[in-house]
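The values are calculated or read from the model by the stated rules, or taken from the named source; none is laboratory data. Given the structure is predicted, the values throughout are model-derived calculations rather than measurements. When we count neighbours, we look across all protein chains shown, and the Cβ atoms used for this are built from the backbone with ideal geometry, even at glycine.
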Amino acid sequence: MKQIRSQIAWMCALLLAGSPWMAVAQENAQDHAPENAQQNAVHVPSSGNGDSPAGLESAPPSHWYTRLSEPYQWRNVAPIDLSNSSRLGRLMRAGNLYLSLQDAIALALENNIDIEIQRYGFDLADTDLFRAKATGNIDGIAGLPGTVNGFAASPTSLTSSIGTTNELTDLSALSTANTVPALTLLNNAPLGYDPVFQSNVLFGHQTTPEQNIITTGTSSLISNNKTANFSISQSFLSGTSGTFTYSNLSQDQNSLLNLLNPFTTSSFDLQITQHLLQGRSLAVNDRPIRIAKINQKVNDLVFQQQVINTVANVEQLYWNLVSAIESAEVAQEAVNYSQKLLDDNQKQVDVGTLAPVEVTRARAELASDQGNLITAQTVVLQQETVLKTVLSRTGASSPELASAHIIPTDRMVIPPTEPKRVAEDLVQQAFAQRPELQEAALQIESFKINLEGTRANMQPQVDAVASLSNNALSGAVNSLSSTAAPPILVGGYSNVLSQLFYRDFPNYAVGVNVTIPLRNRAAEANMATAQVNLRMTEQSVQRLRNLIRLDVQNAIIALDQVRIRYEAAVEQVGLETELLDDEKKKLSIGTSTPLAVILVQRDLSNSQLSEVQAVTAYALAKVQLDQAVGSVLEVNHVEIAEARSGQVSRPPSPIPPAVPSDATSTAPR
């Protein structure tokens, strides 16, 4: 019987000592557990697997003890990289930056600081999962919905071009995180899921005066103590926690009545606690791990949203720069014509066929056009500076980049006819593609998971406890004592181990600990709060769907309106051109005046400027429709994997062999 009991004791000790391997198996099982994630959530594979902190640099193992010491060493996060991608230099030629729209987007994916900051969210989400598996707690991730960064697209906005009645609803920073309370976990795990080893080794000397010498046989009891205690503890997702303790006390006393001196007393103690009601189920205790995995998906969507906003803003900046350059070209044409009119008038005044006042009038018109040209050139320089800042890690701090002029190689082409758009189809497409809505769905899932634990916390705390101890005592016969010691107690430390493993002196204890809050108001309030938070989140999702529908409908209306405006501007430019030709002919035969020609030329310049603005408004409206529908990445051929890595595979667009004559004439050097 002793042999059987000793084998059971050995098995219990090995099971507790092997808890790190049990923890690994437990984590692996959790990693392969099915998840109730949204099927339409766009998920980029995370860099970490939850078994080690992500985004940290660590040296390869170089010593036999490295695997033991590695968990206690801090690791460096890679320093930030402020160097721009090689694409930026490859697009430079003769002090100019030749930029297609696709090149601008590629540079933003490689160099934009907002995207670079959001990349750290992957490491934080992976580390949070790593923490949840160890402690059962999560800190949450940076860059949750509502924290996506953006920047001003341009001083010239779409609404200023088409009117405030067509202003689009900006949902780029809209999120349920701004409208519902934050998720709070209630965790009952008394210990961490990582095993904890503890030990204390003490050496002591103690002298105690004795009032009664009957118990010790001396008036001054002197003790020399040596203590060595060891324990290992761990909690498990099943609601079980255990502690295995190995205690040792070696003592040498001058007591005359001790049977043994010196002597050693030792014990094996195994204590197991199992939650029976509150905190007992796997579904309750693994909530932080499941929520941390959901947060990884949320972070993927937050990153996608950041990329969408950045790409859309780059498009707007690009087309605004194109618009500013074309507006400067219109202003330059007006200056050229005013200069020609001044020269012609001066010649006629010199020959006496025209009054001198017409020269003064032509000079005034030339000065006005030159002022408009300077204003247009200033806008070009401002737009270039904004775009350089977005496409570079260090902004325009580089002298070469700061002095370079951006030459856009793309022009907005408006199709002859608009494709047929069914508003409801676009709304459904937006529901399927907008990351904000997918983030909100995952947020609801997290609240439902947390609700399980909150409901479980309403139950009384009932724990089954069991304790199994083996005790041992052994030492040398006390030469000062006249009483003989039992042979089983005489011996060295090997005798102590024999008594422990053969369980010569066992202790048993089995029981139930019950804690019942008689009113339980705090738990009831927590449950009510959790349900209210869930309902608020669900309502916020519906509100978000309504706003997305409004966003799509407004974008369609805006695009239709700027289309009509563009067609009217094109027709007006044609009519003004005909009027100017007719007025020039009249002036050549003496039936018109230079003032009439100036007025018609001014009207033509204004109509040309209106056409440029209409084209820009169409481009911006198209970008905002793509953003409302959630198709920005698809339209611009952007791969999330490339955005995450910061390396775009497609090569830069070919640089034109020669600089267009009108590309550099509008920007001052």
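The C-beta contact set for region 328-346 (first residue farther than 22 Å from residue 377 by Cβ, second residue surrounded by 22 or more Cβ atoms within 10 Å (Cβ to Cβ), distance under 6 angstrom, 6+ apart or interchain) comprises 345/362; 345/594. In region 304-315, the count of residues that are surrounded by 23 or more Cβ atoms within 10 Å (Cβ to Cβ), over 27 Å from the mean Cα position of the chain (by Cα) and not acidic (Asp, Glu) is zero.
When you scan region 424-438, do you find a residue that is among the aromatic types (Phe, Trp, Tyr), over 27 Å from residue 253 (Cα atoms) and in a strand (DSSP E or B), even just one? For region 424-438, residues among the aromatic types (Phe, Trp, Tyr), over 27 Å from residue 253 (Cα atoms) and in a strand (DSSP E or B): absent. Does at least one position in region 387-402 carry a residue that is buried (at least 20 other Cβ atoms within 10 Å of the Cβ), farther than 30 Å from residue 111 by Cβ and not acidic (Asp, Glu)? Within region 387-402, not a single residue is buried (at least 20 other Cβ atoms within 10 Å of the Cβ), farther than 30 Å from residue 111 by Cβ and not acidic (Asp, Glu). Out of the residues in region 340-351 that are surrounded by 13 or more Cβ atoms within 10 Å (Cβ to Cβ) and of a type in the set (A, V, I, L, M), which is farthest from residue 599 (Cα to Cα)? Within region 340-351, the match that is farthest from residue 599 (Cα to Cα) is 349.
Only residues that are loosely packed, with under 14 Cβ neighbours inside 10 Å and modelled with pLDDT of 85 or more were counted in region 352-361, giving 3. Screening the candidates 188, 178, 166 for the property of being at pLDDT below 50 and either closer than 30 Å to residue 278 by Cβ or β-branched (Val, Ile, Thr) (or both) yields one hit, 188. When restricted to residues that are charged (D, E, K, R), within 57 Å of the chain's Cα centre (by Cα) and over 18 Å from residue 340 (Cβ atoms), region 561-617 contains 5. Within region 553-569, residues that are within 15 Å of residue 415 (Cα to Cα) and at pLDDT below 95 reach partners that are assigned to a helix (DSSP H, G or I) and hydroxyl-bearing (Ser, Thr, Tyr) with beta carbons closer than 7 Å, at six or more positions or on different chains, in the pairs 562/618; 563/618; 566/618. Residues that are within 21 Å of residue 312 (Cα to Cα) and either of a type in the set (Ser, Thr, Tyr) or under 30 Å from the mean Cα position of the chain (by Cα) (or both) within region 372-388 comprise 383, 384, 385, 386, 387, 388, listed in sequence order. The lone criterion from (1) in contact (Cβ under 8 Å) with a residue 40 or more places away in the chain; (2) farther than 30 Å from residue 462 by Cβ left unmet by residue 542 is number (1).
In region 554-572, is there at least one residue being under 30 Å from residue 359 (Cα atoms) and not in a loop (DSSP other than H, G, I, E, B)?
Filtering region 554-572 for residues under 30 Å from residue 359 (Cα atoms) gives 572.
Then drop every residue that is not not in a loop (DSSP other than H, G, I, E, B), which leaves 572.
Checked against the condition, which is being under 30 Å from residue 359 (Cα atoms) and not in a loop (DSSP other than H, G, I, E, B), region 554-572 yields at least one hit.
Of the residues making up region 504-531, those that are more than 38 Å from the chain's Cα centre (by Cα), surrounded by 11 or more Cβ atoms within 10 Å (Cβ to Cβ) and over 19 Å from residue 279 (Cβ atoms) are 504, 505, 506, 507.
Restricting attention to region 534-569 and to residues that are among the acidic types (Asp, Glu) and within 28 Å of residue 439 (Cα to Cα), the residue that is surrounded by the fewest Cβ atoms within 10 Å (Cβ to Cβ) turns out to be 538.
Of note, residue 415 does not satisfy the criterion of being out of contact with any Cys (no Cβ under 7 Å at 6 or more places or on another chain), within 24 Å of residue 103 (Cβ to Cβ) and surrounded by 14 or more Cβ atoms within 10 Å (Cβ to Cβ).
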